[in-house]
Each structure stands twice: as C-alpha cells, then as structure tokens.
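K.L.:
Dumping the structure here so I can ask a few things about it.
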C-alpha cells in the first residue's frame, strides 16, 4: 500500500517532533457534503472545533450536496499538498479515480459517517455508525411498540444512492421482516431535508386516506421527520399519537418534538466523527500505526421516556 511509504517518512519525523507538535503542523482538507440537515451542520461545527483544539489547519469545502464539487475540492486539496483529507461522501459510487489520485500523492483519506463503494486500500479508515444497525434499532422499536397491531408504514428515504439511505432502509426492513402486521406501503426520498420531508409527507397523507391509513412514519433522518410532523399537523392529525414517528440522528429539534409528544423515538448518530478521525491520523503520522478499516461509533435509542428536554439542553450548543 502506498500509504506505507508515507508512514516511513512519518516515523523519521516522529523522532524529532512530539505528537502534539505534529498535530499543530498538520494541514487537513475537509470535503463536507453540505448543510442539508441539523446533524450535518453539527458535524461541521464539531470538526472545526476539534481541529482548532488540536492546532490542525483545516481547509473546509462545502460541496452543496454535489459530488462533482467534492471531487473538485479533493483535487484542490491534493494540489495544495495537504497532509490528509477528510471526506463525507454525498453518494457511495464514483470515487475510485480521485481516491487513486490522492493515493498517488501519498495523502491518506479518512471517510466520515458514510462509506464508498471503492476498494478499502484507497482510504486509510472510515469513522461512522453502523448504518444498518441504526435502521434495525428503529425497526425493532416499532415492532415492540405496535405488537400485533396492523401497522402501515410510510418511509422517508435519504438521498438516493447515499450509504445512509441504503443501509438505514435495509436495517429497518430486516427488523420488521417476519412481522406480517407491519408493512411499508409507501417509500420516497426526502433528500434528508426538512422541506422535502414535509412535501413528500403531504403526498403520502393524500395517498393514504388523508393519513387515516398510516400507522407510523419511519424517516431516515430527524430533519425529514420534523418536516413531516408539520405536514401531519396541517392535515389535522396528531403526530406521535395518530401517526407514530421514529427517525435517526438525535438532533436537538427532534427532542423538542418528543417533549411535545409529536415524535416517539430517535436513534443517535454522534456528530463527533472528527475526534476519532484525527486520533487515527495523528497516530498514523507519528509512527505509521494503521487504524482499523472501520471505527464504529455508538447508536443509542432515545424515546419520550428519556427526558427529551434535558437531552435538548445538552445538544443545543453543538452547532446543530
């Protein structure tokens, strides 16, 4: 692996510099998807904070949810000769060429919170949740909550082709498999945004008897769920009661919704992917220590029983 040549240079450098001094000398490019959700904004905020605390020069590029912008940013980082690149990929496919270019330049790439469909020797490591597990946790909550009751589910999917949309869908489907009383009757992308979540939920409500035929909403992220909650209310129904609401991310606004009884459960995706990523990069730069290919974060289930306003207070200043 070409990264090992880079590691050899790092070993020599380590003899002269402490790890903290190395961190201060590190320049890292960060290609972020955009700001399509509160969680994404928090990830950006926490990454900037982590870099500042460690003395890392972070070069930030907002792709505005377009892969071509991310590829352009990565090539710019390579041209600038950064020490490493953080990439939160907007979709899973189409990365081979630019990752090969980074490898040729001996610049390690760390994936944040999403995976790519590329050979794993093209990136140093990936930091993220088990996205399938997140969907499974949401589905298991619904199975336990509805019991034997007939339950028609509408699903707000994430950005088409993205790893969270694919994996959160698959995990949820795994959890409800074998429970014939629970059926997904409609599924459509809400593109992870609050506005599109509301728009698509409006169409679901119209298609399903004004919402009378819907038992539950499963949203691939909280922002879509918050938009959908507004649509449910405007349709004259009570979200959280007439239609159960379970989603993923655990952003502050969903805890306000839970405190109001308008959402039922959320599965946490921590916004601090950068901490483990920088830890791995600093060790790799210091002495060539190779991290595991996947560094997994925790996926915690929160419900209305978990004092949602207290959790809201803890999270509200994290940049969401």
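K.L.:
Relative to the longest principal axis of the C-alpha atoms of the chain, give the angle of the C-alpha long axis of helix 3-14, reported between 0 and 90° and rounded to the nearest 10°.
P.N.:
60
K.L.:
Where does each of 265-275, 131-141, 41-51, 285-295 land if you order them by average Cβ count within 10 Å, highest first? Please report the intermediate quantities before stating the final value.
P.N.:
Working: 265-275: 23.6, 131-141: 22.0, 41-51: 20.1, 285-295: 15.4.
Packing order, densest peptide first, comes out as 265-275, 131-141, 41-51, 285-295.
K.L.:
In degrees between 0 and 90, to the nearest 10, how far off the longest principal axis of the chain does helix 38-54 point, with axes built from Cα atoms?
P.N.:
Taking Cα atoms only, the helix is inclined about 30 degrees.
K.L.:
Evaluate E = 1/(1 + (r/R0)^6) for residue 106 and residue 149, where r is the Cβ-Cβ distance and R0 equals 45 Å; express this FRET efficiency to the nearest 0.05.
P.N.:
The computed FRET efficiency comes out at 0.20.
K.L.:
Sticking with this one: Could you work out how much longer the chain between residue 260 and residue 117 gets when fully extended? Use 0.36 nm per residue separation minus the Cα distance between them, nm to one decimal.
P.N.:
Details: separation 143, 0.36 × 143 = 51.48 nm, distance 4.03 nm.
That pair, residue 260 and residue 117, stretches by 47.5 nm at full extension.
K.L.:
Shifting gears a bit: Would you list 253, 148 from fewest to most Cβ contacts within 10 Å? Present the calculation step by step, with values, prior to reporting the outcome.
P.N.:
On the way: 253 20, 148 9.
So the residues, fewest neighbours to most, are 148, 253.
K.L.:
May I pose another question? In segment 203-219, whose amide N lies under 12 Å from the spot 7 Å out along Cα-to-Cβ of residue 184? List them in ranges.
P.N.:
Residues passing the 12 Å test: 218-219.
K.L.:
Using label points projected 7 Å from each Cα along Cα→Cβ, tell me how many nm separate residue 64 and residue 174, to one decimal.
P.N.:
3.7
K.L.:
Taking 25 Å as R0, compute the FRET efficiency from the Cβ-Cβ separation of residue 160 and residue 238 and round it to 0.05. If you can, show how the numbers build up before the last one.
P.N.:
Values: r = 31 Å, r/R0 = 1.23.
So, using R0 = 25 Å, E works out to roughly 0.25.
K.L.:
Enter the angle in degrees (range 0 to 90, nearest 10) between the Cα long axis of helix 67-80 and the first principal axis of the Cα atoms of the chain, meaning the one along which they spread out most.
P.N.:
Computed tilt is about 20 degrees.
K.L.:
Right, next: Given an 8 Å cut-off on Cα distances and at least 6 residues of separation, report the relative contact order of the chain as a percent. Before the final figure, lay out each step's value.
P.N.:
On the way: 697 pairs, mean separation 65.2, N = 320.
Once normalised by length, the contact order is 20 percent.
Any read-out appearing in this document is the output of simple, stated calculations on the displayed coordinates, not a laboratory observation. Nothing here was measured: the structure is a model prediction, and the numbers come from that model. So basically every Cβ, Gly included, is an ideal-geometry build from the backbone, and we count neighbours across all protein chains shown.
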